[in-house]
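The values are calculated or read from the model by the stated rules, or taken from the named source; none is laboratory data. Remember, predicted model here, so these are calculated numbers, not experimental data. No Cβ is skipped: glycine too gets one built from the backbone with ideal geometry, and neighbour counts run over all protein chains shown. These accessible areas exclude ligands, DNA and RNA; they are computed on the full protein's heavy atoms, side chains included. Shrake-Rupley method; radii C 1.70, N 1.55, O 1.52, S 1.80 Å.
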Amino acid sequence: DPGLSTDPHLQGAIFAAPSPSLRERFETRFIEMYGLRPPRLASLAYDATALAAVLARTGQVRSGMPSFSQAAFTNPNGFAGIDGIFRFSRDGLVERGLSVLEYRDSQIVEVEPAPETFERGI
């Protein structure tokens, strides 16, 4: 919540969240198309729809029919979404690549960008 950045008690607080720049691009496109700011959950609906399309297309290319199998959903490379990368584990949990943000001088500042891949650097 950008409004929290002005709370003096939170100055210097560090937290993990989706990249503000990724969200900003999505909001700009949404406003251009629909004329209003998207609800916060709109990116999740967009990602779910895009994921279904990717899995269907990938399955079609590989086997001639859409694939919504557990193996397809639990691809260790994950998927790119509006709020950054995400992937599903076999036990149903979601892992997200988040930015590290800080409330600083009444602004939200990105301290460390979100990862673009789930591969670990060496």
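At a Förster distance of 41 Å, what's the computed FRET efficiency of V61 paired with H9, Cβ-Cβ distance as r, to 0.05? Rounded to the nearest 0.05, the efficiency is 0.20. The C-alpha atoms of the chain define a longest principal axis, and helix 42-63 lies at about 30 degrees to it.
Considering the chain, its Cα convex hull presents a mean projected area of 10.1 nm². Descending by average beta-carbon neighbour count within 10 Å, the peptides 2-8, 94-100 line up as 94-100, 2-8, the highest first. Take the Kirkwood radius over Cα pairs of region 50-122, plug it into Stokes-Einstein at 20 °C and 1.002 mPa s, and you get 151 µm²/s for translational diffusion.
Determine, at each q value in 0.25, 0.27, 0.28, 0.29 (inverse angstroms), the log₁₀ of I(q)/I(0) that the Debye formula gives when each Cα of region 1-60 is one equal point scatterer. Listed by q, the Debye log ratios stand at -1.07, -1.12, -1.14, -1.16.
Averaged over its residues, the chain has an accessible area of 70 Å² per residue, based on protein heavy atoms and a 1.4 Å probe.
Could you check how much of the accessible area of the chain is carbon and sulfur, as a whole percent, using a 1.4 Å probe?
58 percent
In this rough spin-label picture, where each label sits 7 Å from Cα along the Cβ direction, the A16-T28 distance is 2.8 nm.
The gain in end-to-end length when the R104 to L41 segment is fully stretched comes to 20.1 nm, 0.36 nm per residue minus the alpha carbon separation.
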